[in-house]
1. Please list, ordered by residue number, the strands (runs of 3 or more DSSP E) wholly in the range 100-172 having 3 or more residues that are closer than 22 Å to residue 241 by Cα and in contact (Cβ under 8 Å) with a residue 12 or more places away in the chain.
2. If you scan the range 86-99, which residues turn out to be more than 23 Å from the chain's Cα centre (by Cα) and without any contact (Cβ under 8 Å) to a residue 40 or more places away in the chain?
3. With the checklist (1) on the phi < 0 side of the Ramachandran plot; (2) in the same structural domain as residue 279 (by TED's automatic domain parsing); (3) assigned to a loop (DSSP other than H, G, I, E, B) in hand, flag the one item residue 96 doesn't pass.
4. Might you check whether a residue that is over 19 Å from residue 253 (Cβ atoms), touching a residue at least 12 places away in the same chain (Cβ under 8 Å) and assigned to a loop (DSSP other than H, G, I, E, B) occurs anywhere in the range 3-21?
5. Out of all the residues in the range 90-142, which are surrounded by fewer than 20 Cβ atoms within 10 Å (Cβ to Cβ) and under 30 Å from residue 5 (Cα atoms)?
6. Report, by residue number, each residue of the range 12-21 that is surrounded by fewer than 24 Cβ atoms within 10 Å (Cβ to Cβ) and over 10 Å from residue 288 (Cα atoms).
7. Just for the range 27-44: of the residues that are within 18 Å of residue 91 (Cα to Cα) and in contact with a helix residue (DSSP H, G or I) (Cβ under 8 Å, 6 or more places away or on another chain), which one is surrounded by the fewest Cβ atoms within 10 Å (Cβ to Cβ)?
8. How about the range 53-89: which of its residues are crowded, with 19+ Cβ neighbours inside 10 Å and either under 15 Å from residue 34 (Cα atoms) or modelled with pLDDT under 95 (or both)?
């Protein structure tokens with residue numbers, strides 16, 4: 001069977017991309033490896049009607065609703081490669097299965113690389129976050145630490161005073177210049193130049209000089225990269241950003257390769273459930289348009 005569309009990735013963006021296609025009665029295959037980026041978070045925020053709901057509950061409910069459409073096929077598996085074919089594309093899974101589709105939507109998300117600080121990864125999504133809009137409000141205007149990964153962390157350090165008393169810890173990754181120091185002062189962000197030894201407790205930072213700074217939450221900018229090599233295999237343009245790499249798309253989520261679309265965290269610089277859902281809806285509708293009109 002040749003599917004109208006194969007969607008690689010069945011989380012929020014992937015399922016959202018599938019909806020306009022199955023509602024147009026197109027045959028859609030969704031391939032999902034089962035690793036949502038926000039699987040470490042206990043609650044999702046900022047998504048209309050779902051504020052405070054657990055991410056897995058949102059995903060499960062969406063999956064049930066999507067499965068009600070008869071032209072949808074959903075399978076578990078990791079897509080490891082893709083290639084052009086006469087009528088579109090072939091996608092190969094790590095177990096050797098092959099599938100063919102006329103169009104391809106990449107919604108596989110990204111892989112986060114965090115600083116090698118003892119105790120940081122274990123708290124990712126629980127008391128260490130990347131998105132103030134997703135998790136800042138729940139800190140109740142408490143004490144917030146920004147762990148530096150480089151100059152890009154200035155963005156967090158300047159944003160977060162809107163959510164609480166903020167201390168910026170560059171951790172030796174860079175030294176703010178005079179202009180940056182002035183910006184921090186204007187926003188009321190304090191600067192701590194000590195080196196981090198480890199993260200303990202909920203969000204306590206122990207410095208190498210023995211001091212312990214206690215926070216209600218920590219923020220860090222992860223370095224991201226597409227979680228699948230498929231875009232590069234097909235020759236899609238990849239953009240280098242200060243915090244990693246992402247697939248380049250136009251406003252309709254079309255990549256540089258005709259009939260290959262990309263959406264969600266792999267194709268935009270910000271990661272949240274509402275943004276992923278909107279991105280996916282655009283990709284699905286745009287993909288359907290090419291099926292109708294070429």
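1. Numbers: elements: 110-113, 143-147, 165-169.
Filter on the range 100-172 gives 110-113.
2. Correct list: 86, 90, 92, 95, 96, 97, 98.
3. Here residue 96 clears every test but (1).
4. Step one: of the range 3-21, the residues over 19 Å from residue 253 (Cβ atoms) are none.
No, every residue in the range 3-21 fails to be over 19 Å from residue 253 (Cβ atoms), touching a residue at least 12 places away in the same chain (Cβ under 8 Å) and assigned to a loop (DSSP other than H, G, I, E, B).
5. 90, 92, 93, 94, 95, 96, 97, 98, 100, 102, 111
6. The initial filter retains those residues of the range 12-21 that are surrounded by fewer than 24 Cβ atoms within 10 Å (Cβ to Cβ), namely 19-20.
Of everything in the range 12-21, just one residue is surrounded by fewer than 24 Cβ atoms within 10 Å (Cβ to Cβ) and over 10 Å from residue 288 (Cα atoms), namely 19.
7. Step one: list which residues in the range 27-44 are within 18 Å of residue 91 (Cα to Cα), which gives 27-34.
Okay, now just the ones that are also in contact with a helix residue (DSSP H, G or I) (Cβ under 8 Å, 6 or more places away or on another chain), so 28, 30, 32.
Numbers: 28: 29, 30: 28, 32: 23.
Selected residue: 32.
8. 55, 58, 59, 62, 79 - these are the residues of the range 53-89 that are crowded, with 19+ Cβ neighbours inside 10 Å and either under 15 Å from residue 34 (Cα atoms) or modelled with pLDDT under 95 (or both).
The values are calculated or read from the model by the stated rules, or taken from the named source; none is laboratory data. These numbers were taken from a predicted model, which means no experiment stands behind them. Every residue, glycine among them, receives a Cβ derived from its backbone with ideal geometry; neighbour counts consider all protein chains shown.
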